[in-house]
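Visitor: Have a look at the structure that comes next, please.
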Amino acid sequence: MTTTHLFLQAPSAGTGARGFSFLLFGSEILTLIIDAKWFIATLLILIVADFRFGWGESHKRYEAAVKAKDKKSQELYKWHSSRALRRTSNKFVDYIVLMLVSTFIGVAFLDPLGYSHVWGTYAGCALAAVCEIMSICGHFFFLRGVKVEKKSIFGFLKAFIVALTKKKSEDVGDALDTALNDK
């Protein structure tokens, strides 16, 4: 049996590998966090907003299921704290990993071209922010009773304007929605 084989069978190999990985990548992760601290703070705010609007949508769907006496939908939209917190935590970790990967891509492709690899980090953060904003808007539109008819920029802008108008006046919002759809 080789010494490498014995090392891999040792009970502490997993911990040692994790420790070595942290020593190897710890400074890069710390640099990433320092370079993108404002993006990370913005992502945290967006994640909390998505959590809040998602809770509102889930509650609204649950109330509709109770009204319709649909047991399957009631169980689906019933509030589960552990599931909500787990999904929210996983989302944050996924975005950090996305930023790490985009940083490494920036190191591989942008540094040789004379640009800073930080632009790769910023691109990863921007992609994560766009994903969160789309999710927040989806929850917002559902809570306001607005359906996005077309999956396009115009459809999104129309739904956004109608939602804002309905917030001020339900009748004016309905009239605007009808006028934009009759086009």
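Taken together, the values in this text are just the output of simple stated rules run on the coordinates, not laboratory data. Everything numeric here is computed off the predicted structure, so don't read it as measured data. Ideal geometry is used to build each Cβ from the backbone, glycine not excepted, and the neighbour counts take in all protein chains shown.
Visitor: With no solvent and one point on each alpha carbon, what is the Debye value of log10 I(q)/I(0) for region 45-91 at q = 0.15, 0.18 Å⁻¹?
Guide: For the requested q values the scattering log ratios are -0.41, -0.55.
Visitor: Let me know the number of lysine pairs in region 27-95 closer than 22 Å at the Cα, not counting same-chain pairs under 8 apart. Please list the in-between numbers first.
Guide: Values: K37/K91; K60/K69; K60/K71; K60/K72; K60/K78; K67/K78; K69/K78; K78/K91.
For region 27-95, qualifying lysine pairs total 8.
Visitor: OK, next. Starting from the Cα-Cα distance between E170 and T42, subtract it from 0.36 nm times their residue separation and give me the gain in nm to one decimal. Present the calculation step by step, with values, prior to reporting the outcome.
Guide: Working: separation 128, 0.36 × 128 = 46.08 nm, distance 3.16 nm.
42.9 nm is the gain from fully extending E170 to T42.
Visitor: Taking square-rooted eigenvalues a ≥ b ≥ c of the alpha carbon gyration tensor, is region 30-183 rounded, prolate or oblate, where a/c under 1.5 means rounded and, failing that, a/b exceeding b/c means prolate? Write down the numbers at each step before the final one.
Guide: Numbers: a/c = 3.12, a/b = 1.60, b/c = 1.95.
Oblate shape, in that a/c is at least 1.5 and b/c is the bigger or equal ratio.
Visitor: Please give the direction-averaged projected area of the C-alpha convex hull for region 16-119, in square nanometres with one decimal. Mind showing how you got there, number by number?
Guide: On the way: hull surface 37.4 nm².
If you wrap the Cα atoms of region 16-119 in a convex hull and average its projections, you get 9.4 nm².
Visitor: Between region 85-101 and region 33-53, what is the C-alpha centre distance in whole Å?
Guide: Here the answer is 11 Å between Cα centres.
Visitor: When N counts the residues of region 94-183, how does its alpha-carbon radius of gyration compare numerically with 2.2 N^0.38 Å, as a ratio?
Guide: Details: Rg = 19.0 Å, N = 90, 2.2 N^0.38 = 12.2 Å.
Dividing the Cα Rg of region 94-183 by 2.2 N^0.38 Å gives 1.57.
Visitor: In addition: Give me the one-decimal nm value for the distance between modelled label points at A64 and N181, 7 Å along each residue's Cα-to-Cβ direction.
Guide: In this crude spin-label approximation the distance works out to 1.4 nm.
Visitor: Tally Lys/Arg at +1 and Asp/Glu at -1 over every other residue whose Cβ is under 12 Å from the Cβ of L43; what's the total?
Guide: -1
Visitor: Answer rounded, prolate or oblate for region 64-139, using the Cα gyration tensor with square roots of eigenvalues a ≥ b ≥ c: rounded when a/c is under 1.5, else prolate when a/b is larger than b/c, else oblate. Intermediate results must be reported in sequence, preceding the final value.
Guide: Details: a/c = 5.58, a/b = 3.25, b/c = 1.72.
Prolate is the answer for region 64-139, as a/c is 1.5 or above and a/b outweighs b/c.
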